[in-house]
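The values are calculated or read from the model by the stated rules, or taken from the named source; none is laboratory data. Predicted, not measured: the structure shown is a model, and the values here were computed from it. Note: ideal-geometry Cβ built from the backbone for every residue, glycine included; neighbour counts use all protein chains shown.
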Amino acid sequence: MVGAVAAMSLLGAEAVAGPADHYSLGLEGLYDDYQEPADGASVRIRSYYGSLTGNYSHDWGKFFGALDGRVSYGTSDYKSISGSATGIPAWELDGRIRGGYSFGNFSPYVGIGTRYYWDEFKGTTTVDSSGQVASGYDRKITQIYIPVGATYVFMPWEGVSVSPNLEYDQLVWGQVSSRLGTIPGLQNVINYQHSGWGLRGSIMAGWSGWGGGTWQAGPFFRYWDISDSDVSTAGAFTGLEPQNSRMQTGVTLRYLW
């Protein structure tokens, strides 16, 4: 999400002091491509999501703090050597707290974020090429990461602003809960992730809205590359969460005030 202090100075470029508190609400449409492992898909999950986003920020002169939130819901199409399945419900939540400093139109920031992913694969079966039937199971992923990024704002035309944003995300900790206990003879398995990184960016165009606020719209991407988890054993099952990548691309529309 674009740094809110920079975003709220879209039409004034910080020349005019504004209120200390800023808010935004927005909608996203995005495509998600998950591959496992990252360099050759033995598992591939393609999803379409709709998202609701929100932001609150506060200024202390040139310093700012911000809270970002996103709730995404969609359906996934699964494909692997065990077969395929379509229409799997999936959720993704992302929440962050950030702080930064504005150097004119350039606003770097750092913070801490958490991501939660949940797919509802339970009750679904797949059939491979030999006719072997496999049962699906729910999977829940919780991750904590450090975002480091910056937003730059410029005005190519009067009344119109453009604000590119680029951010690096460092994974700190992750937990993958595979709900295998819903399959007879198996138990739930928990694996921990300790290594991974992400990159995200956007280019937003802004223009005046009602009540002195600002509309923004534009494309974005979010990429994750997560290394192998540790190995965990539950009952007769021993396994890990393999290296995987996730690329999300989409467009967003939001109103800032």
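For (1) more than 23 Å from the chain's Cα centre (by Cα); (2) in contact (Cβ under 8 Å) with a residue 60 or more places away in the chain, each residue gets a yes or a no:
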| site | (1), (2) |
| --- | --- |
| TYR101 | yes, no |
| GLY113 | no, no |
| TRP157 | yes, no |
| GLU167 | no, no |
| GLN193 | no, no |
| SER202 | no, yes |
Next on the checklist: I'd like to check something: does region 154-174 contain any residue that is in a loop (DSSP other than H, G, I, E, B), surrounded by 14 or more Cβ atoms within 10 Å (Cβ to Cβ) and of a type outside the set (Gly, Ala, Ser)?
Outcome noted: no
Checklist entry - If you check VAL148, VAL110, VAL127, VAL71, which single one turns out to be aliphatic (A, V, I, L, M) and modelled with pLDDT under 95? => result VAL127
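Return yes when ALA150 is touching a Lys or Arg at 6+ places or on another chain (Cβ under 7 Å), aliphatic (A, V, I, L, M) and either in contact (Cβ under 8 Å) with a residue 60 or more places away in the chain or under 19 Å from SER177 (Cβ atoms) (or both) and no when it is not.
No.
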Checklist entry - Has region 83-99 got at least one residue that is assigned to a loop (DSSP other than H, G, I, E, B) and either of a type in the set (S, T, N, Q) or free of Cβ contacts under 8 Å to residues at least 60 places away in the same chain (or both)? => result no
Item to check | region 235-257 - residue that is within 20 Å of the chain's Cα centre (by Cα) and part of a loop (DSSP other than H, G, I, E, B) and, of those, surrounded by the fewest Cβ atoms within 10 Å (Cβ to Cβ) | outcome: PRO242
Checklist entry - When only residues in region 111-144 that are under 20 Å from GLY174 (Cβ atoms), hydrophobic (A, V, I, L, M, F, W, C) and touching a Gly at 6+ places or on another chain (Cβ under 8 Å) count, which is surrounded by the most Cβ atoms within 10 Å (Cβ to Cβ)? => result PHE121
Checklist entry - Which members of region 78-109 meet the condition of being of a type in the set (Phe, Trp, Tyr) and either under 22 Å from HIS22 (Cβ atoms) or buried (at least 21 other Cβ atoms within 10 Å of the Cβ) (or both)? => result TYR78, TYR101, PHE103, PHE106, TYR109
Checklist entry - Quick check: anything in region 225-234 part of a strand (DSSP E or B) and under 21 Å from the mean Cα position of the chain (by Cα)? => result yes
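Take the conditions part of a strand (DSSP E or B), surrounded by 14 or more Cβ atoms within 10 Å (Cβ to Cβ) and either in contact (Cβ under 8 Å) with a residue 40 or more places away in the chain or not β-branched (Val, Ile, Thr) (or both) and apply them to THR75. Does it pass? Break it down into steps so the answer makes sense when it comes.
Numbers: part of a strand (DSSP E or B): yes; surrounded by 14 or more Cβ atoms within 10 Å (Cβ to Cβ): yes; either in contact (Cβ under 8 Å) with a residue 40 or more places away in the chain or not β-branched (Val, Ile, Thr) (or both): no.
Considered against the rule, which asks whether it is part of a strand (DSSP E or B), surrounded by 14 or more Cβ atoms within 10 Å (Cβ to Cβ) and either in contact (Cβ under 8 Å) with a residue 40 or more places away in the chain or not β-branched (Val, Ile, Thr) (or both), THR75 comes out as no.
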Checklist entry - Only one of (1) within 26 Å of GLN243 (Cβ to Cβ); (2) surrounded by 17 or more Cβ atoms within 10 Å (Cβ to Cβ); (3) over 22 Å from the mean Cα position of the chain (by Cα) is not met by PHE220, so which one is it? => result (3)
